[in-house]
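Below is one structure; the comments refer to it alone.
Read the figures in this text as sums done on the coordinates, not as results from a lab. A quick note: this is a predicted structure, and the numbers were derived from the prediction, not measured. Glycine also receives a Cβ, built like all others from the backbone with ideal geometry; neighbour counts cover every protein chain displayed.
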Amino acid sequence: MAKATPEDLPSGPTTLRVMIGSNLRRLREAADISREEAGEEIRGSASKISRVELGRVSFRLRDVRDLMIMYGVQDEEEIERYVDMAREANQPSRWHRYTDFLPDWFSNYLDMEGAASMIRTYEVQVMPGLLQSEAYARAVMMLGYGHTPLTEIDKRIEVRMKRREVLDREEKRPELWAVLDEAALHRPFGGAAVMRSQIQSLLDFCDKPNVRIQIVPFTSGAHSGAGAPFTWLRFAYEELNDVIYLEHLTGGLYLERDNEIDAYQAAMEHLCVQATQPNKTQDFLQRVLREHYS
């Protein structure tokens, strides 16, 4: 396995677990060892090995050492490096302070979003979370969590605003490519004043070199992504496969199989063809402002 410096490692324990698990799987397969055999070595099962290799569980440091030795790694420095990485992957996420209301499935997504080199997202009814203004986010939160204490609403908005920091960080800044259905511009969350500030925020985002926004106009008719928002994450690490993220009312779904990725990639490319070209987006947004929110 190629050595990685701390600066090369992905941010967030979720993506680090996935990277370590992927490398352990490659070592196991290269050694022609089955999951059942590996499970016995660490007093576990094939299903435990599967969870470890998928990055779904935290690591027992002893297991990492024992597996690497079983797989034929003899370099003690290399073993210790992976034990140290596993120890780091077991640390709480930067989102840990919000665990009183932030479910694990979404905390994991936030880790992956923060480690992605490319984020492509399609939304139908609402603005993408990374592009929401604070006032718009509050209007959305009040609709979805109207009976929740205001202190929790404030924390949820704080999380949403912190997510946007990845777009302005100095290093490993991701490319964001967002495609919005025109309906998202006309659904007046919070009223006209909130929508004006939100659309102005989109105009400001259009000036960022790492942000691209396209609008699928009503005039395009039906299209391949109709009614199905999704996010496609790509990473700058060969050990991390692309991920398609689908969110529903009670959880999130992660798709990682090649055929699934290919299907959503094709849908995204088709949406981009039907949408306004990025250099026309600001004109489109200005027209919506004039005609609907002046």
Relative contact order of the stretch 6-89 (C-alpha contacts under 8 Å, at least 6 apart) in percent is 37 percent
Check: the stretch 6-89 dipole with +1 on Lys, Arg Cβ and -1 on Asp, Glu Cβ, in debye: 540 debye
Once you place label points 7 Å from the Cα toward the Cβ at Asp168 and Glu134, how far apart are they in nm? 1.1 nm
Tell me, what is the FRET efficiency for Ala236 and Ser294 to the nearest 0.05, using R0 = 51 angstrom and their Cβ-Cβ distance as r? 0.75
With an 8 Å cut-off on Cα pairs and a minimum separation of 6 or more residues, tell me the relative contact order of the chain in percent. 18 percent
Of the listed values (1) 6, 25, 30, 21, 12, 5, 1; (2) 6, 27, 35, 26, 6, 0; (3) 6, 30, 38, 22, 4, 0, identify the label whose number matches P(r) over Cα pairs in 10 Å bins from 0, in percent calculated from this model. (1)
Given a Förster distance of 51 Å, report the FRET efficiency between Glu77 and Arg287 from their Cβ-Cβ distance, rounded to the nearest 0.05. 0.25
Nothing charged except the Cβ atoms of Lys and Arg (+1) and of Asp and Glu (-1): what's the magnitude of the dipole of the chain about its Cα centre? Round to the nearest 20 debye. 1020 debye
Can you give the FRET efficiency to the nearest 0.05 for Arg87 and Ala222, using r as the Cβ-Cβ distance and R₀ = 51 Å? 0.50
Projected label distance in nm at Glu158 and Asp262, using a 7 Å step from Cα toward the beta-carbon: 4.6 nm
Treating cross-link reach as a plain straight distance, find the lysines whose alpha-carbon is under 29 Å from the alpha-carbon of Lys208, omitting any fewer than eight places away in the same chain. Lys155, Lys162, Lys172, Lys280
Would you mind checking the tilt of helix 281-292 against the longest principal axis of the Cα atoms of the chain, expressed as 0 to 90 degrees and rounded to 10? 50 degrees
Any chance you could run the full-extension gain for Asp66 through Glu247? It's 0.36 nm times the residue separation minus the Cα-Cα distance, nm to one decimal. 61.5 nm
Cα long-axis angle, helix 134-144 against the chain (0 to 90 degrees, to the nearest 10): 80 degrees
How tilted is helix 104-115 with respect to the longest principal axis of the chain? Cα atoms for both, answer in degrees (0 to 90, nearest 10). 90 degrees
Charge context of Ser107, other residues only, Cβ under 15 angstrom, K/R +1, D/E -1: +3
